[in-house]
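Peer 1: First the structure, then my questions, so here it is.
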Amino acid sequence: MILFLALCFVALSIAGATALVIFWPLALVHIRDRHPELDAELGPNAFFRLRAWKWLLFAGYRDTPDRNLSGLATPARVSLLTIIAGLVLAWLLWLVSYWMGA
């Protein structure tokens with residue numbers, strides 16, 4: 001049962017990845033079109049940059065007074081948090097199952 005729940009958390013992470021693939025590029029296109037200074041700060045190819053993901057994870061978009069950017073970046077942030085939480089919880093349950101000898 002523990003490994004089943006761990007697999008469910010992995011599925012939750014996959015759902016988060018799907019949402020991230022949808023909302024993060026939309027937020028980046030909005031940044032590119034309306035906030036060139038922020039685009040320069042995040043750098044080229046920001047989709048794969050760790051610095052840009054850190055900016056998203058710590059809600060750096062809240063410093064920009066643009067409600068449309070917040071509307072696109074908030075779901076991307078929630079999905080990134082979902083990925084991280086799902087993988088951490090799956091890993092913890094796997095450790096518990098390993099410890100119990102299941």
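Quick note: the coordinates plus some simple rules give every number you see, no bench work behind them. Here the structure is a predicted model, which means the values were calculated and not measured. Because the Cβ atoms are built from the backbone with ideal geometry, glycine has one as well, and the counts that use them run over all protein chains shown.
Peer 1: Kindly evaluate residue 57 against the criterion of being in contact with a Lys or Arg (Cβ under 7 Å, 6 or more places away or on another chain) and farther than 20 Å from residue 36 by Cβ.
Peer 2: yes
Peer 1: Looking at the range 45-72 only, could you name the residues that are more than 14 Å from residue 16 (Cα to Cα) and of a type in the set (A, V, I, L, M)?
Peer 2: Hits for the range 45-72 are 46, 50, 52, 56, 59, 69, 72.
Peer 1: Against the conditions (1) under 20 Å from residue 2 (Cα atoms); (2) touching a Leu at 6+ places or on another chain (Cβ under 8 Å); (3) not basic (Lys, Arg), where does residue 98 fall short? Just the number, please.
Peer 2: Just one mismatch for residue 98, condition (2).
Peer 1: Right, here's the next one. If a residue counts only when it is in contact (Cβ under 8 Å) with a residue 60 or more places away in the chain and either in contact with a helix residue (DSSP H, G or I) (Cβ under 7 Å, 6 or more places away or on another chain) or loosely packed, with under 13 Cβ neighbours inside 10 Å (or both), which helices (runs of 4 or more DSSP H) contained entirely in the range 4-102 have at least 2 such residues?
Peer 2: Those helices (runs of 4 or more DSSP H) span 67-100.
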